[in-house]
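As structure tokens, the structure follows; a few thoughts come after it.
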Amino acid sequence: MKRVLVCLLAIFSFALASGAPVSAHCQIPCGIYDDELRMNLIEEHIGTIEKSMNLVIELGKAKETDYNQIVRWVNNKDQHADELSEIVTYYFMTQRVKPEDKQYDKRIAILHQMLIAAMKCKQTTDLKNVENLRTLAKEFRALYFSK
């Protein structure tokens, strides 16, 4: 038993030291949910994606192109689109929106559209995709929190 605990502690320590990504929410039905916080995080990710796109566009127009900074902002944009997608998928779609909900079809459809919009944000610097994502998030918020 002691050996198992030591092994588990070693694995856990290694995972922390390696900088392995930590998921935003568990998939164990812990019952600890903060829907408002998750929506605020989604909106924050959208703002960060928009800022990143604007900076990529601005840096691309500069007299002397700073490719290093462009790459960093593209990576930042993509990372936040992934984090947004993770909240949509692993928090709302799998844990919070239940098939027995009266608005299930509408909620799932909006969440799916959000995933597509996040994917398009990764593919381009077209700010229309950010605006679409923002509109979908507002639409989902209103639908999700309606009684």
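None of the figures in this text is laboratory data; all of them are computed from the coordinates on show. Everything quoted here is computed from the prediction, not taken from an experiment. Here Cβ is always computed from backbone atoms with ideal geometry, including for glycine, and neighbour counts include all displayed protein chains.
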>> 7 Å from Cα along Cα→Cβ at both LEU37 and GLN103: what's the point-to-point distance in nm?
In response: 2.2
> Once phi is turned into θ = phi - 60°, what whole-Hz ³J(HN,Hα) does the Karplus curve with 6.51, -1.76 and 1.60 give for every residue of the range 68-84, x standing for Gly and Pro?
Replying inline: 4, 5, 4, 4, 4, 6, 5, 4, 4, 4, 5, 4, 6, 5, 5, 5, 4
